Amino acid sequence: MQGAPSLMRAPGLDLPVRRRKGVAFSMTALADVLFQLLIFFMLSSNLSAYSMLSLRSGALRGDGGGEAPASASTAVTETSATAIWTLNPDGIVASGQRFGLDRMQALADALALQQTRHVLIILRPDVPVQNVATVLELLSAHGITSVQIAEAPSAPGAAP
Amino acid sequence: MSMRLPTSRGRKVQVDTSLAIVNIVLLLIFYFLLAGQDSKVRTQLELATTTTLSPDTLPSPVLEVLGPEDWRLNGQPIRPEALPGALAASPGPVHLLLDRNAPAGLLVGLMRRPELAGHELRLVTIKGLGG
């Protein structure tokens, strides 16, 4: 009579019998939530990559110009060991010759061939910052890291 | 006398890929979470673009230059005379945010400012498709 109670049912009640099964956990809902989180973070994250360009001020000493150092920390550059570029809004003046901005690559190649390691960039005040960044980036790509920046003489008739 | 081994019936093996998908999506979420931590300073300036420089995070302090006297340090307006005191706690380089169309005279003027003397200046650019 051991198995008799399991076979007996209360008269009149036909309730469903819960059968024990292996519980299968569905990951569909979890994956949906995670995908929504992923889309949210993808849209809200800022993937813009910044870069840094070191700025060093410089001044000329020698026969090329008579600029005075701007401050005590300003490096004074010998003209004989340094390439001097004057950056204008429409181009570059290097060694007395005027080049367009599209020739900057060739100029930097020439500097690399001459193994010039120091460049002094003389900036006209109205040159956009984008051009300055482009020149600094180009020189950095050619391994020229010693780049100094000076302001062009304010005399209106001064030749570059 | 022959042995009757149990025969393998042709059951279809079901590989549960949902767990792998959930793992990959979780990793992507962590990545974008960390990548999204970068933008602490929001600026309306259009930064100069560079293409070949190695990307970097934007460290502090960040000096946003809107004009010769209109400066923001880490997003907060600051007067130039108050800058040395604000930078006293961070003796490292100062990262400059300038508009790409700003005149170079503004940049050279910054390099000559006595408030920034003693600090290395770094111009912040943004990665672009073309210069």
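Throughout, read-outs are computed from the coordinates displayed, never taken from laboratory work. These numbers were taken from a predicted model, which means no experiment stands behind them. Note: ideal-geometry Cβ built from the backbone for every residue, glycine included; neighbour counts use all protein chains shown.
Cα convex hull of the stretch B:34-131: mean projected area in nm², to one decimal? Dividing the Cα hull surface by four gives the mean projection, 6.7 nm². Here the spin labels are modelled as points 7 Å beyond Cα on the Cα-Cβ line, and at residue B:15 and residue A:112 they lie 4.7 nm apart. Spin-label pair residue A:105-residue A:13: with each label point 7 Å from Cα along the Cα-Cβ axis, the two points sit 8.8 nm from one another. Shielding value for A:112-125 is 1, the average number of Cβ atoms from other chains within 10 Å of each residue's Cβ.
What is the sum of charges around residue B:50, taking Lys and Arg as +1, Asp and Glu as -1, for the other residues whose C-beta is under 10 Å from the C-beta of residue B:50? Value of the local net charge: 0. Summing Lys and Arg as +1 and Asp and Glu as -1 over all other residues whose Cβ lies under 10 Å from the Cβ of residue B:83 gives a net charge of 0. The mean number of partner chain beta-carbon atoms within 10 angstrom of a residue's beta-carbon across peptide B:51-61 is 4. Estimated from the Cβ-Cβ distance and a Förster radius of 35 angstrom, the FRET efficiency linking residue A:54 and residue B:24 is about 0.30.
Please report the relative contact order for the stretch B:15-119, taking Cα pairs under 8 Å with a sequence separation of at least 6, and give it as a percent rounded to a whole number. In percent, rounded to a whole number, it is 26. Summing Lys and Arg as +1 and Asp and Glu as -1 over all other residues whose Cβ lies under 12 Å from the Cβ of residue A:130 gives a net charge of -2. Note on residue B:34/residue A:32: beta-carbon distance plugged into 1/(1 + (r/R0)^6) with R0 of 22 Å gives a FRET efficiency of 0.40.
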